[in-house]
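These notes concern the structure reproduced below.
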Amino acid sequence: PRQEVSVSAGLVVMGCGTRYGSSVRVGSQCLADALAAMDWRIAYFSNPVSPLHLLACRDREVRQRIRAGFQPWKRHGSIISTVPVALLAPRRLPLLSSPWLARNWQRLALPPGPRSRLRRAGVKQCDLLYVDSPLFAFLADEVPHRRLVYRMADVLTAFPGVSPALAELESDLVRRAHVAVASSAALVERAQRLGARRSVLLPNGVETERFRIPRPPPPEYAWIPTPRAVFVGSLGEWFDHQSVTALARARPDLSVVIIGAGPALSKLPRLPNLFLLGSRVPDDVPAFLQHAAVGLIPFAVERHRELIEAAHPVKLFEYLAAGLPVAAARWRTLVELSAPATILAEPGDFTAAVAQALACKPDTERVASFLAGRSWAARATDLLAACALPA
């Protein structure tokens, strides 16, 4: 049964899919920072690591997760973060995709497990239990809370490797939560189909000032000619490597800069004007954007329609805040946003959209008006209002 208690305002326990401090800065990390700026204390869990992760230790993010797993809570001001370590963690592999393991991996956690880590941090109860990863559904039974919120930022079942057991856990969380908050209208509809008692639209936001404050060019740009077209983000299966390759080949005068990591990286060819820079820490990203000519959102909509149609891309706002026009694939959310200085590509015609964006000079007043009210601070206030908690 759900545990509900009356406690003083001020503490949020978060169970999230992405490590706090990851090079891919997702919405939950931004909300944690915004809540911390409002004097809330945050205890932030991210998905567990297991001995099997050692097989992928060449990946920098995996190495950082493993390192964090064997350390105590890491403090970031009023945020503390940790990565649990378990003997077995759910994966879409034989025996590791069982419903029992999806619900009980924390029982196989190496000491200190999630419950012990909370106790060592002095956490016995919280105002808000915030979950965006179904692997942390067990916290609803172990942490007394006033409100349980489940945040939907993607169609979970559209990701490769998501087991039916994890999908079932998500459905349970959606129905159990006091409120399901979703980053796009398509995800609100999905929450309703899954039986949410209440669903609220909570779009992604942007830290506008972080991208507007002028930065010097990054050192890498000393050897990357202008004009530069830049992509920053995760290179998952939904990244349209074919369109990016076609762009680089059709426009040898354009430097195509790719910042990020993921399986699609290996599918990009070696071309003289295609620069694969790998991951960069979030604090370095504004400089890469400010000294580019266009921001890219090359998603393979036709191949991953269910996933992308529900996406509400943080990078769109970040590109615009940095003063860039944007060339993007066309999908539902971007059409509905009708963002200024954004050219939406017809299927198979991403290169033409980039050419149009390069010729586009953003109207700074219109962009500022579009971004007004879309700050992460505003989104955090909306989250607390949706949960009927004081800001």
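Taking strands (runs of 3 or more DSSP E) that do not extend beyond segment 1-105, which have at least 1 residues that are small (Gly, Ala, Ser)?
It comes to 11-16, 41-46, 79-82.
What residue, among those in segment 339-354 that are assigned to a helix (DSSP H, G or I) and in contact (Cβ under 8 Å) with a residue 40 or more places away in the chain, is surrounded by the most Cβ atoms within 10 Å (Cβ to Cβ)?
So, considering only residues that are assigned to a helix (DSSP H, G or I) and in contact (Cβ under 8 Å) with a residue 40 or more places away in the chain, the one surrounded by the most Cβ atoms within 10 Å (Cβ to Cβ) is Val354.
A quick yes/no check of all residues on (1) more than 17 Å from Ala43 (Cβ to Cβ); (2) within 22 Å of the chain's Cα centre (by Cα):
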position: Glu61; (1), (2): yes, yes
position: Phe70; (1), (2): yes, no
position: Arg75; (1), (2): no, yes
position: Ile80; (1), (2): no, yes
position: Leu88; (1), (2): yes, no
position: Arg91; (1), (2): yes, yes
position: Pro99; (1), (2): yes, no
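Pull up segment 37-66, narrow it to residues that are among the acidic types (Asp, Glu) and in contact (Cβ under 8 Å) with a residue 40 or more places away in the chain, then point me to the one that is farthest from Leu129 (Cα to Cα).
Residues of segment 37-66 that are among the acidic types (Asp, Glu), as a first pass: 39, 59, 61.
Narrowing further to those that are in contact (Cβ under 8 Å) with a residue 40 or more places away in the chain: 59, 61.
Numbers: Asp59: 30, Glu61: 26 Å.
Checking each candidate, the answer is Asp59.
Of the residues that sit in segment 88-118 and are modelled with pLDDT of 90 or more, more than 16 Å from Met14 (Cα to Cα) and in contact with a strand residue (DSSP E or B) (Cβ under 8 Å, 6 or more places away or on another chain), which one is most open to solvent (accessible area, probe 1.4 Å)?
Leu108
Could you please let me know if Asp240 is of a type outside the set (A, V, I, L, M, F, W, C), surrounded by fewer than 18 Cβ atoms within 10 Å (Cβ to Cβ) and at pLDDT 95 or above?
Numbers: of a type outside the set (A, V, I, L, M, F, W, C): yes; surrounded by fewer than 18 Cβ atoms within 10 Å (Cβ to Cβ): no; at pLDDT 95 or above: yes.
Considered against the rule, which asks whether it is of a type outside the set (A, V, I, L, M, F, W, C), surrounded by fewer than 18 Cβ atoms within 10 Å (Cβ to Cβ) and at pLDDT 95 or above, Asp240 comes out as no.
Does segment 376-388 contain any residue that is over 24 Å from Leu289 (Cα atoms), open to solvent by 60 Å² or more (accessible area, probe 1.4 Å) and of a type in the set (Asp, Glu)?
The answer is yes, given that some residue of segment 376-388 is over 24 Å from Leu289 (Cα atoms), open to solvent by 60 Å² or more (accessible area, probe 1.4 Å) and of a type in the set (Asp, Glu).
Being over 30 Å from Ala385 (Cβ atoms), open to solvent by less than 30 Å² (accessible area, probe 1.4 Å) and part of a strand (DSSP E or B): is that true of Val230 here?
yes
Among what's in segment 257-285 and is free of Cβ contacts under 8 Å to residues at least 60 places away in the same chain and among the charged types (D, E, K, R), pick the residue that is farthest from Tyr20 (Cα to Cα).
Looking at the filtered set, the residue picked out is Arg270.
The values are calculated or read from the model by the stated rules, or taken from the named source; none is laboratory data. Remember, it's a predicted structure, so these values are computed and weren't measured experimentally. Because the Cβ atoms are built from the backbone with ideal geometry, glycine has one as well, and the counts that use them run over all protein chains shown. Just the protein is used for accessible areas: all its heavy atoms, side chains included, with ligands, DNA and RNA removed. Shrake-Rupley method; radii C 1.70, N 1.55, O 1.52, S 1.80 Å.
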